[in-house]
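*Asks:* Supplied in structure tokens, the structure appears directly below.
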Amino acid sequence: MGKHILVIGSLNMDLSITMERMPAVGETVMGEELTYNLGGKGANQAYAVGRLGGQVKMLGCVGRDQFGAGQRESLAACGVDVSGLRESEALPTGTAVIYVDAAGSNSIVVVAGANQACDQWCDYVLMQMEIPMSAIAYAAGRARALGKTVILNPAPAPDLIPAELLSCVDYLTPNETELMKLSGVTGDGMEAVRQGAKALMEQGLGCVVVTLGEEGALLADGDGFRTYPARKAEAVDTTAAGDCFNGAFVVALAEGMSEDEAIRFANAASSMAVTKKGAQSSIPSREELEQILGGAKARQSAGGGR
Ligand code: RIB
């Protein structure tokens, strides 16, 4: 099997008009034929890769219209993974008006439509440190430039996170061990945790969320420190409890919960993860978590002011 190819780009509905020759400025010419075709440079390239036997996924944005549906169907039919195609409710699928003269030369005018929303494919970027630092730094820089919220779980903790990368991070979420390594603070107990978080804040971070196992979590931001006790649980295996916390935290933020609510939500989720063996096998479903949090009152139960 070949390597995987990611195509990020535009998807358009092409309105192609054939004509003997292009109109000059201010001139009207008669066209011969008008055809509607699926186009867009991104979609065309993804389609080509798929047709040619490549393993391809496309990221892009279409409108909620028949052209968007047509693109999705056509790309999927030639083997393109379209699970990363976003659908804009507000904008129509991009359109291109293409003049094609008798020699086959073309002139194109593109109205971007939903392609403008391609950079909004995600709002939150959650990363860890088991992939190369260069990839993390690049992704964080791009995400920051596009106004996304970046959550970096520094696990495993490197000796140093470059200042440039830290400046692109909205939430750093170390556990206690990672906090100590990154901050250079020694000792244990809550005072050491506060000192460690403070030291990281001094490196330019806006918000540090420290996961503390059965002690819960601590948040450090410009307003100081806040602690969040863990829900009592019979731990059988803490593998992936931090991952579960991070996943739950970003879900909660993405749903509009406050940081306090999000940390309580994440604390509850990770308290469930420790009661089961394994990694992914230990992560609760939303339904299971909601039951713990009190069903329909989940958000209120997880809530509480700053
Ligand atoms: O490169 C050709 C493509 O350019 C057309 O399909 C059109 O949609 C424009 O994006």
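The values are calculated or read from the model by the stated rules, or taken from the named source; none is laboratory data. From a predicted model like this one, the values you see are computed outputs, not experimental measurements. Cβ sites come from the backbone with ideal geometry, for glycine too, and all protein chains shown count toward neighbours.
*Asks:* If you go through segment 47-58 one residue at a time, how many are surrounded by 12 or more Cβ atoms within 10 Å (Cβ to Cβ) and either under 25 Å from SER105 (Cα atoms) or more than 16 Å from the ligand (Cβ to nearest atom) (or both)?
*Replies:* Counting residues in segment 47-58 that are surrounded by 12 or more Cβ atoms within 10 Å (Cβ to Cβ) and either under 25 Å from SER105 (Cα atoms) or more than 16 Å from the ligand (Cβ to nearest atom) (or both) gives 8.
*Asks:* Then there is this: Scanning segment 169-195 for residues that are at pLDDT 95 or above and small (Gly, Ala, Ser), which turns out nearest to the chain's Cα centre (by Cα)?
*Replies:* Result: SER183.
*Asks:* Another question, if that's okay. Out of all the residues in segment 242-268, which are under 17 Å from the mean Cα position of the chain (by Cα), in contact (Cβ under 8 Å) with a residue 60 or more places away in the chain and closer than 18 Å to SER281 by Cα?
*Replies:* Hits for segment 242-268 are ASP243, PHE245, ASN246, GLY247.
*Asks:* Any residue in segment 222-240 that is more than 19 Å from the chain's Cα centre (by Cα), buried (at least 19 other Cβ atoms within 10 Å of the Cβ) and under 23 Å from ASP123 (Cβ atoms)?
*Replies:* no
*Asks:* Restricting to segment 52-100, count the residues that are among the hydrophobic types (A, V, I, L, M, F, W, C) and under 22 Å from the mean Cα position of the chain (by Cα).
*Replies:* Kept after step one, since they are among the hydrophobic types (A, V, I, L, M, F, W, C), are these residues of segment 52-100: 52, 56, 58-59, 61-62, 67, 69, 75-78, 80, 82, 85, 90-91, 96-98, 100.
Pick out the ones that are also under 22 Å from the mean Cα position of the chain (by Cα) and you get 56, 58-59, 61-62, 80, 82, 85, 90-91.
Here the count works out to 10.
*Asks:* If you take the residues of segment 66-99 that are away from the ligand (no atom under 15 Å from the Cβ) and in a strand (DSSP E or B), which of them is farthest from GLN55 (Cα to Cα)?
*Replies:* Result: SER88.
*Asks:* Determine which single condition ALA262 fails, assuming it passes every other condition in (1) under 24 Å from GLN195 (Cα atoms); (2) among the aliphatic types (A, V, I, L, M); (3) surrounded by fewer than 23 Cβ atoms within 10 Å (Cβ to Cβ).
*Replies:* Looking at each condition in turn, ALA262 falls short on (3).
*Asks:* The conditions are (1) over 24 Å from the mean Cα position of the chain (by Cα); (2) surrounded by 16 or more Cβ atoms within 10 Å (Cβ to Cβ), and VAL29 fails exactly one of them. Which is it?
*Replies:* Of (1) over 24 Å from the mean Cα position of the chain (by Cα); (2) surrounded by 16 or more Cβ atoms within 10 Å (Cβ to Cβ), only one is false for VAL29: (2).
*Asks:* Just to be sure I understand, how many residues within segment 100-143 are more than 16 Å from the ligand (Cβ to nearest atom), buried (at least 18 other Cβ atoms within 10 Å of the Cβ) and not in a helix (DSSP H, G or I)?
*Replies:* 3
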